[in-house]
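The values are calculated or read from the model by the stated rules, or taken from the named source; none is laboratory data. Owing to the predicted nature of the structure, the values given are computational and were not obtained by experimental measurement. All Cβ positions, glycine included, derive from the backbone under ideal geometry; neighbour counts span all protein chains shown. These area figures cover heavy atoms from the full protein model, side chains too; ligands, DNA and RNA do not enter into them. Shrake-Rupley method; radii C 1.70, N 1.55, O 1.52, S 1.80 Å.
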Amino acid sequence: MPIRFLTAGESHGKGLVCIVEGIPANLEISAEYINRELERRQRGYGRGGRMKIEKDTVQIISGVRFGKTLGSPIALLIENKDWENWKEKMAVEGERPDFAVPFTRPRPGHADLAGGIKYNQRDLRNILERASARETVCRVAVGAICKRFLEELGVFIGSYVVSIGSLEPPIEEQDLIKRHYLAEQSEVRFPDPTKDELFKELIDKAKEMGESLGGIFEVFAVGVPPGLGSHVHWDRKLDGIIAQAMMSIQAIKGVEIGLGFMASKKFGSEVHDEIGYKEGYGYFRYSNNLGGLEGGITNGMPIVVRCAMKPIPTLTKPLRSVDVETKEEVRAGKERTDVVAVPAASVVGESALAYVLAKAFLEKLGGDFMEEIKERYRIYLEHVKSF
């Protein structure tokens, strides 16, 4: 069975719940491993007050025994520490208290108004709580399990920030894995920590202006074999599946694979990755302009995905809006927010890619336990090398 997962929970509710199905048995996993990924999501200069409250930690409720998966569904719980301040305003039962004032001034760029219309909710808190990027805590927890699975198959997934706002310094380091580890040392996840002060000045200026910032990040996977995905039907093309996963992350408005839009401006000879062959190694490419995917199938080169994140919709100097109750022109409502969350989004992007690739591997190899899957993978790699 391919991996699938469900999440539940509101931003200021009691907590977030994830149920993951399809993870094979005998995969070593720990709460500590997942918590490291959750902590990475909370980093980044320009984050708001919420990150000072929440120190996300996971409770593994089921599906793991003595440090190894059982093959049964894995249930995860991440509690919201801020629940203590919201338990009356977000109560599951009873009457609404007078101090739980309805949120009626939708923010441009957020799901507030569109969701309120769709679900017939005049108190837009009933929309914004679930639409919040707080939901990505679950995706990172699930992604951590998928990363752990991919590690067993020799796949490394990383990310780094390319730009914040209009600031896009050149990236000197060409090795993707080195870029990732350099980004881990940066307060904004840029693969050159010496540039941090430039970004921090921009973020501070935006904060003073009551503004927010977006940016671009790249996610990559190294060690992916050729042959994942398929060309035979539109919904099996792996590049399409990756794009959907990335676009589902809150505030992502653009996705490119490889050169992306830049490829449209070049001659074919400048874009397509020429093929070579080395005895004892197999096929290789002289470049990776297509980001590791051709015809919806991985070609053995690193997968490289670039995502564009819009500025966060909540502004301390709000934009014009309309009160859904009075229909009067007002300034949009405000919630506690970040100035910029591009660094955090890059970590979420890692999890999105990890989930897609773990699912693609299991669709390719099948198997119910890790020893079986690894043996099947060994046989497949022999086929790849001998083709």
Q) For residue 287, are the conditions met, namely being over 16 Å from the mean Cα position of the chain (by Cα), surrounded by fewer than 17 Cβ atoms within 10 Å (Cβ to Cβ) and at pLDDT 95 or above? A) yes
Considering residues that are without any contact (Cβ under 8 Å) to a residue 60 or more places away in the chain, open to solvent by 80 Å² or more (accessible area, probe 1.4 Å) and assigned to a loop (DSSP other than H, G, I, E, B), the number found within the range 264-282 is 5
Scanning the range 118-132 for residues that are open to solvent by 80 Å² or more (accessible area, probe 1.4 Å) and closer than 22 Å to residue 251 by Cα gives 118, 119, 126, 130
Residues in the range 320-334 that are open to solvent by 40 Å² or more (accessible area, probe 1.4 Å) and modelled with pLDDT under 95 total 1
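Just the residues that are of a type in the set (Asp, Glu), open to solvent by less than 40 Å² (accessible area, probe 1.4 Å) and either closer than 24 Å to residue 253 by Cβ or out of contact with any Phe, Trp or Tyr (no Cβ under 9 Å at 6 or more places or on another chain) (or both), please, taken from the range 185-230.
Of everything in the range 185-230, those that are of a type in the set (Asp, Glu), open to solvent by less than 40 Å² (accessible area, probe 1.4 Å) and either closer than 24 Å to residue 253 by Cβ or out of contact with any Phe, Trp or Tyr (no Cβ under 9 Å at 6 or more places or on another chain) (or both) turn out to be 192, 218.
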Kindly indicate whether residue 145 is under 18 Å from residue 4 (Cβ atoms), open to solvent by less than 20 Å² (accessible area, probe 1.4 Å), in contact (Cβ under 8 Å) with a residue 40 or more places away in the chain and in contact with a Phe, Trp or Tyr (Cβ under 9 Å, 6 or more places away or on another chain).
-> yes
Flagged in the range 61-115 as under 25 Å from residue 337 (Cβ atoms) and small (Gly, Ala, Ser), in numbering order, are 91, 100, 109, 111, 114, 115
What about residue 80, is it farther than 21 Å from residue 347 by Cα and over 19 Å from the mean Cα position of the chain (by Cα)? no
- Message: Can you say whether residue 249 is surrounded by fewer than 23 Cβ atoms within 10 Å (Cβ to Cβ), in contact (Cβ under 8 Å) with a residue 12 or more places away in the chain and closer than 30 Å to residue 366 by Cβ, as far as the supplied structure shows?
- Response: yes
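Yes/no matrix, rows are residues, columns are (1) in contact with a Pro (Cβ under 9 Å, 6 or more places away or on another chain); (2) over 26 Å from residue 165 (Cα atoms):
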| residue | (1), (2) |
| --- | --- |
| 46 | yes, no |
| 59 | no, yes |
| 62 | yes, yes |
| 86 | no, yes |
| 95 | no, yes |
| 116 | yes, yes |
| 132 | no, no |
| 138 | no, yes |
Taking the range 353-387 and keeping only residues that are buried (at least 20 other Cβ atoms within 10 Å of the Cβ), farther than 22 Å from residue 293 by Cα and not aliphatic (A, V, I, L, M), one is left with none
